[in-house]
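Every read-out reported here was derived from the displayed coordinates using simple, explicitly stated rules and does not represent laboratory data. Being a predicted model, the structure only gives us computed values, none of them experimental. We place every Cβ from the backbone using ideal geometry, glycine too, and count neighbours over all the protein chains shown.
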Amino acid sequence: MATIAAFAACSGVSRDAGYQTVQQSVDRAIAPKISSADTATAAKTAILRDPLTADAAVRLAMANNPELLASFEEVGLARGDLVAAGVLPNPNFKGSVRWRDSSPGSNPELELTWDVMELLRRSKRRNVVHAEMNRVAYQVSDRALAFAADVRTSFYDYQAAEHVRRMRVEVLRAAQASADLSSRQRSSGNISELEKALEQSVYQDARLDLLRSEADAIAARTSLAGRLGLAAADTTWSVETELPELPAADPSADTLQATALQGRFDLMAAKTELDASRRDVSYQKSFRIPSLEIGVDAEREFEEEWAYGPVVHMAIPLFDRGQGGVDRAQARVRQAEHGVASLETRVRNDVRGSWERLSAARAIAEMYRDDVIPTKEKVVEESQRHYNYMLVGPMALLQAKRDEIEAYQKYIEAVRDYWTARAELERAVARPIEELE
């Protein structure tokens with residue numbers, strides 16, 4: 001991911017430390033791969049040439065959303081801690097000089113020491129911080145995945161809202177034509193005042209429905225634009241007009257659960273935190289000897305020669321032997337172990353719940369597509385035929401048409417709900433579902 005790689009170029013341990021973990025994780029979990037050419041400007045220009053698909057919307061948002069880009073800096077903060085943990089401790093210098101009132105010359109004394117315990121603890125501390133940086137990287141990856149799911153959800157909401165709005169435009173045109181015809185027919189005495197009023201009522205309802213659908217479409221576009229880092233009023237971008245068709249089948253819940261337990265970033269972050277806590281126990285135990293400084297001391301007694309020798313400074317661990325730090329670290333290990341176990345249960349439940357919602361959404365959409373809409377169309381067709389032969393009144397025909405329109409709108413919403421549930425399931429599994437089908 002180019003954006004992450006750009007951050008990695010900013011400093012020094014390994015120039016992509018932490019960011020590479022995020023890049024690999026996000027590329028594995030999100031279907032539209034972000035190529036190295038996708039800088040924010042290049043991605044925006046290239047992707048907006050055509051109406052957006054869901055995948056293109058995710059690609060654009062990943063390269064162009066300031067809030068998401070800011071979250072990547074958390075990896076940089078953790079990498080800074082890793083840099084600090086890997087730096088050698090500084091030596092300590094001490095110098096003094098004394099003079100006598102009664103004799104010439106001076107008594108300088110110099111001392112240079114190095115804390116050996118800090119040097120020995122360096123690798124332990126670095127291991128702890130490295131595990132902590134990996135935890136942060138997995139957390140950032142999890143946040144990126146959640147963001148991608150939000151983008152897809154907003155995309156499908158806007159797609160469905162636009163679809164309904166276009167449908168309401170066509171309904172209004174038909175209702176207006178019918179109302180105009182009824183006015184002319186009433187003027188010529190071919191229909192009653194009741195029939196004319198009914199047609200006018202249908203036209204007014206159609207106008208209200210269109211106004212509502214336009215407001216819904218504007219709200220959905222604004223929500224999507226915010227995630228894409230674009231202006232809702234900008235007319236240079238649009239989305240594909242039709243929601244995708246339902247896929248032939250979905251993976252089983254067992255397959256999805258197994259995949260999630262292996263690849264969920266929040267679970268990987270929790271396991272990495274457990275690893276960091278275990279390493280921290282070893283690090284805290286090294287404080288049983290708080291400090292041990294060794295070095296060299298040099299002194300000259302006034303006009304005499306310099307005298308040299310080794311020097312040792314050691315904090316005697318009579319009282320503080322790091323007991324508190326060890327106890328805290330061991331408690332964090334136990335806490336992390338419980339957290340991992342709890343999260344594994346939550347992951348299974350998240351996947352199962354998301355899969356159930358997906359299955360329900362599919363069943364509803366398929367029933368509208370295969371049964372309800374064909375039946376409503378047949379009812380309208382038969383009602384029109386009976387009305388032409390004056391076997392039913394205008395109220396029955398109008399109600400049949402309303403039921404057909406309502407069923408079609410509910411079908412659009414059911415397809416939207418399916419794709420929204422699918423986006424939530426991909427978030428729960430941390431893997432594109434099409435890879436598991």
Most mobile of Ala215, Ala161, Ala248 in a GNM of the chain (Cα contacts under 10 Å): Ala248
Kirkwood Rh and Cα Rg combined as Rg over Rh, evaluated for the stretch 79-170: 1.61
Glu366/Arg166 FRET efficiency (R0 30 Å; Cβ-Cβ; nearest 0.05): 0.85
Label of the coordinate-derived value, percent of Cα pairs over 32 Å apart, listed as (i) 42; (ii) 60; (iii) 34: (ii)
Among Arg362, Arg385, Arg100, residue whose mean-square fluctuation peaks in a GNM of the chain (springs only between Cα atoms under 10 Å): Arg100
Radius of gyration and Dmax over the Cα atoms of the stretch 335-410, both given in Å: 23.1, 78
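What full-extension length gain, to one decimal in nm, is calculated for Ser192 and Arg328 as 0.36 nm per residue of separation minus the Cα-Cα distance?
Gain in length upon complete extension: 40.3 nm.
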Under 24 Å, Cα to Cα: Lys pairs in the chain, sequence gap 8 or more or different chains: 10
Gain upon complete extension [Asp205, Ile289; 0.36 nm per residue less C-alpha separation]: 22.0 nm
Full-stretch length increase - Leu436, Val87 - with 0.36 nm per residue and alpha-carbon distance subtracted: 121.2 nm
Thr345, Thr255, Thr113 arranged by Cβ crowding within 10 Å, fewest neighbours leading: Thr345, Thr255, Thr113
Net charge of neighbours whose Cβ lies under 13 Å from the Cβ of Gln323, counting Lys and Arg as +1 and Asp and Glu as -1: +2
The chain: angle of helix 19-29 to the longest principal axis, Cα-based, in degrees nearest 10: 30
Value at 222 nm in deg cm²/dmol, rounded to 500, when DSSP H runs of n ≥ 4 in the chain each add -39,500 (n - 2.57): -24000 deg cm²/dmol
Cα centroid separation, the stretch 131-199 to the stretch 212-273 (Å): 18
Sum of side-chain charges, Glu132 neighbourhood, beta-carbon under 10 Å (Lys, Arg +1; Asp, Glu -1): -2
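Tally Lys and Arg at +1 and Asp and Glu at -1 over the other residues with C-beta under 10 Å from the C-beta of Ser354: what net charge comes out?
0
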